[in-house]
There are 2 protein chains.
Amino acid sequence: MKTKNNCIIGQSGGPTTAINASLSGIIEEVLSSNLYHTIYGMVNGIEGLLQGKYLDLSSLFDTKEKRDKLTTTPSMFLGSCRFKLPTCEDSESIYTSLFDFFEENHITTVFYIGGNDSMDTVLKLSSYAKAHDKSVNIIGIPKTIDNDLPITDHTPGFGSAAKFIATALLEVSHDAYIYNIPSVTIVEIMGRNAGWLTAASALARTSYSPAPDLIYLPEVPFNTDRFIEDVKRLRKIRKNIIIAVSEGIKDTNGHYISACSPVIDAFGHKQLCGASKTLENLLKPVLDCKTRSIELNVLQRSASHLSSATDLSEAVLIGKKAAAFGAAGETAKMVGYKRVSNTPYTIDIILADVAQIANHEKKVPLHYISEHHNDITPEFIAYLRPLIQGEPQLVYENGVPVYCDIAHLHKKGYFHL
Amino acid sequence: MKTKNNCIIGQSGGPTTAINASLSGIIEEVLSSNLYHTIYGMVNGIEGLLQGKYLDLSSLFDTKEKRDKLTTTPSMFLGSCRFKLPTCEDSESIYTSLFDFFEENHITTVFYIGGNDSMDTVLKLSSYAKAHDKSVNIIGIPKTIDNDLPITDHTPGFGSAAKFIATALLEVSHDAYIYNIPSVTIVEIMGRNAGWLTAASALARTSYSPAPDLIYLPEVPFNTDRFIEDVKRLRKIRKNIIIAVSEGIKDTNGHYISACSPVIDAFGHKQLCGASKTLENLLKPVLDCKTRSIELNVLQRSASHLSSATDLSEAVLIGKKAAAFGAAGETAKMVGYKRVSNTPYTIDIILADVAQIANHEKKVPLHYISEHHNDITPEFIAYLRPLIQGEPQLVYENGVPVYCDIAHLHKKGYFHL
């Protein structure tokens, strides 16, 4: 039974390669179960919607082929924003403007796909709806490469970033091993406050390669003296040392290591190097070998050519379940994963109170970090491993992957509010 | 008919993802046609051989499955060296030592896979053999991501690096397009003297994305004023600008742009930023938008998870042909590609006098660079496009690609000389 109610979906925060998989899952479920009449999409999240930017997704993705292409497209198809929704006390007009729009367009459910800050938006909108008796359900769908949301076992987007990082580390180790000269390679990985992604570098280890030999997460203080000792000790037994380090490592006072030795540019401006470059500069005077640093950079979050099939299929599934929950009247909730078993790896989709998630950050628990704070534990590897399994079949054209037209965001024509 | 002659193969120079494909091709042809009795491999090239490091490849890769795994393994399986062979006048003992070894081990052909410097080794060894009446044939097999060898239409390894660069550029553009704020992204690509790889970024362009909007090669002088003008002009018509720049861009005096604005570290040492970071620092004070720089780094040459199937199959073929030429008595030659046609794309394998190649560098011809020196021509794209076609089927285990054990290089047991 097709209702006359409509829904709207927004995407927010930083890119992942799985965020469109959840978008695709919502659309799939809505279309196949006739949950809503029209599926709208906010362009550039809640901020774009406030500027009147939205579009009709139902017609854009009306075939499985189109949705499959969307599933494997990196970065937000709908565009993103980094917008902290003010409280209702600070700006009620924003809320009345949004809910007037929802009412005029028969929108009874808002799906918002994002991380911590986006769940804050879900919390605020749903609280407003409850307080003002608006019949609009607000459902959050998690998404972040950082894996730092509480309650959910892991986040969509994390497994794909982890797979890229593990593969890149393995390939970097092949690059390092070939010369008959000793070397130290420091690979810098994203995650300013949480070390989940840096830990995933351990999945690069094979029967022939122990790289990364050392892993440093931001959850424990980084001691530069102990770091130099770690490297010097290893240099005695290994020719090539590969080190994985989080961009967010901090000293015992909580200051970023990368802030400890700024460089001065030609204009006299102070500039921060990355953490890996800082460590490279630290090692060079005390080591007798080649030292280099590598930042994996934005490919960690946008390399859809190497997503995890497990991650993408779970992200589609969580989108589908979110659509069903929204249509069933749930609100102020975030969908999440519960790990049922590791062998075989199985998950359930759960619903959590979004107030428990918004603005909370889940760091790597200390029992997952090795005693000497320079590696992770086997239990942590067992947690991580299932998340990077499987390779999605991508379509290539002219030698590069076929993705959805994301440049549409720059075109006119989405100003209807 | 199995002969009692043996051959030896060495790999040298910088990593590519196709250099093991040529190794695999040589082994395949030798085994299937019984060209030699034993195939030896130098460990760490000619330098390692001089230290007595070599191994038996015939038994290591005696099945198609093992050779297929070798074909898709990044970086030199045999290890590499950066060793300039002295002239015979400077050090005859090196030559007598090598040719004594060849004679003792019934080695009648040496295959050397590498770039410019490696072809210098091929030239010197073959000249020595001729001058001293040694019946050892020396055959060079090209390999370099830089594509800077003359005579051959392109080099094994280039197409795979080009495919990774094009895909990464497309994914970086998806990463840039999602925000509703203007941005400039500068992507730095390898190639200090030749711009072939930087030009390959143009293959990222799709029907919806013109990125990279600007391309700067090292073949023409880089003018910072004109660069700022280029960016400012584009900023008026495009929200997000993606720029591809060679690490080797130089000013009109031939000085590297990256050397123009060194930074001073905490120890007072002068350090060079990369070209992209230098341009970022240049743009920041004069632009009103977010500016970032990204180095694609060593994944350009080692990302076997995204090789070009065309590149790998051609690299296997050139290895096979090299084996046949070596067994047929050719010497002082490098095998190469001749492009027969673009539609359909077909190549022939040719033999070239290695003296024409050693120490010569092939730069991008000026007619391939656009009039304003900030892009490449359609003819250049037509040249590049066929080289990145096709995706090899990789085997994955535990979520990462299965490659050959390259860490064997660090083990003992290869000292037989």
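The values are calculated or read from the model by the stated rules, or taken from the named source; none is laboratory data. Nothing here was measured: the structure is a model prediction, and the numbers come from that model. A quick note on method: Cβ atoms are made from the backbone with ideal geometry, for glycine too, and the neighbour counts reach across all protein chains shown.
Tabulated values for the structure
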| read-out | value |
| --- | --- |
| Conditions (1) touching a Phe, Trp or Tyr at 6+ places or on another chain (Cβ under 9 Å); (2) at pLDDT 95 or above; number of the one not met by residue A:130 | (1) |
| Residue satisfying condition, being more than 12 Å from chain B (Cβ to nearest Cβ) and of a type in the set (A, V, I, L, M, F, W, C), within set A:165, A:141, A:145, A:178 | A:141 |
| Selection count where residues are away from chain A (no Cβ under 11 Å) and more than 25 Å from the chain's Cα centre (by Cα), scope segment B:181-190 | 2 |
| Qualifying residue in segment B:85-102 (condition: under 16 Å from residue A:179 (Cα atoms), in the same structural domain as residue B:142 (by TED's automatic domain parsing), at pLDDT below 95 and not in a helix (DSSP H, G or I)) | no |
| Odd one out for residue B:329 among (1) farther than 30 Å from residue B:138 by Cβ; (2) surrounded by fewer than 20 Cβ atoms within 10 Å (Cβ to Cβ) | (1) |
| Any hit, segment B:269-283, residues being among the basic types (Lys, Arg), free of Cβ contacts under 8 Å to residues at least 40 places away in the same chain and part of a loop (DSSP other than H, G, I, E, B) | no |
| Sole residue being of a type outside the set (A, V, I, L, M, F, W, C) and outside the structural domain of residue A:126 (by TED's automatic domain parsing), chosen from A:383, A:345 | A:383 |
| All positions within segment B:191-229 that are within 14 Å of chain A (Cβ to nearest Cβ), surrounded by fewer than 22 Cβ atoms within 10 Å (Cβ to Cβ) and either touching a Cys at 6+ places or on another chain (Cβ under 7 Å) or not hydroxyl-bearing (Ser, Thr, Tyr) (or both) | B:205, B:210 |
| Selection count where residues are within 13 Å of the chain's Cα centre (by Cα) and farther than 30 Å from residue A:33 by Cβ, scope segment A:280-321 | 6 |
| Test result for residue B:368, under 26 Å from residue B:323 (Cβ atoms), among the aromatic types (Phe, Trp, Tyr) and surrounded by 13 or more Cβ atoms within 10 Å (Cβ to Cβ) | no |
| Pair list, Cβ under 9 Å, 6 or more apart: segment A:338-359 residue among the β-branched types (Val, Ile, Thr), other residue surrounded by fewer than 11 Cβ atoms within 10 Å (Cβ to Cβ) | A:347/A:341 |
| Single match in B:78, B:70, B:60 (criterion: farther than 27 Å from residue B:100 by Cα, of a type in the set (A, V, I, L, M) and within 14 Å of chain A (Cβ to nearest Cβ)) | B:70 |
| Criterion: buried (at least 18 other Cβ atoms within 10 Å of the Cβ), farther than 27 Å from residue A:394 by Cα and in contact with a Gly (Cβ under 8 Å, 6 or more places away or on another chain) - qualifying residue of A:140, A:114, A:41, A:79 | A:140 |
| Verdict on residue A:233 being within 20 Å of residue A:183 (Cα to Cα) and either more than 24 Å from the chain's Cα centre (by Cα) or not assigned by TED's automatic domain parsing to the domain that holds residue A:174 (or both) | yes |
| Residue ID - farthest from the other protein chains (Cβ to nearest Cβ), chosen from residues in segment A:391-409 that are part of a strand (DSSP E or B) and under 26 Å from residue A:55 (Cβ atoms) | A:397 |
| Filter pass, residue A:126 being surrounded by fewer than 19 Cβ atoms within 10 Å (Cβ to Cβ) and at negative phi | no |
| Segment B:287-310 residues that are more than 7 Å from chain A (Cβ to nearest Cβ) and within 13 Å of residue B:186 (Cβ to Cβ), paired with ones that are aliphatic (A, V, I, L, M) and surrounded by fewer than 20 Cβ atoms within 10 Å (Cβ to Cβ) (beta carbon under 8 Å, 6 or more apart) | B:289/B:181; B:290/B:181 |
| Matching residues in segment A:366-390 - criterion: being more than 14 Å from chain B (Cβ to nearest Cβ) and in a loop (DSSP other than H, G, I, E, B) | A:370, A:371, A:372, A:373, A:374, A:375, A:377 |
| Any chance residue A:308 is touching a Pro at 6+ places or on another chain (Cβ under 9 Å), outside the structural domain of residue A:188 (by TED's automatic domain parsing) and at pLDDT 95 or above | yes |
| Number of positions in segment A:286-313 that are crowded, with 20+ Cβ neighbours inside 10 Å and in a helix (DSSP H, G or I) | 10 |
| Test for residue A:232: is it surrounded by fewer than 16 Cβ atoms within 10 Å (Cβ to Cβ), basic (Lys, Arg), over 17 Å from residue A:293 (Cβ atoms) and more than 14 Å from every other protein chain (Cβ to nearest Cβ) | yes |
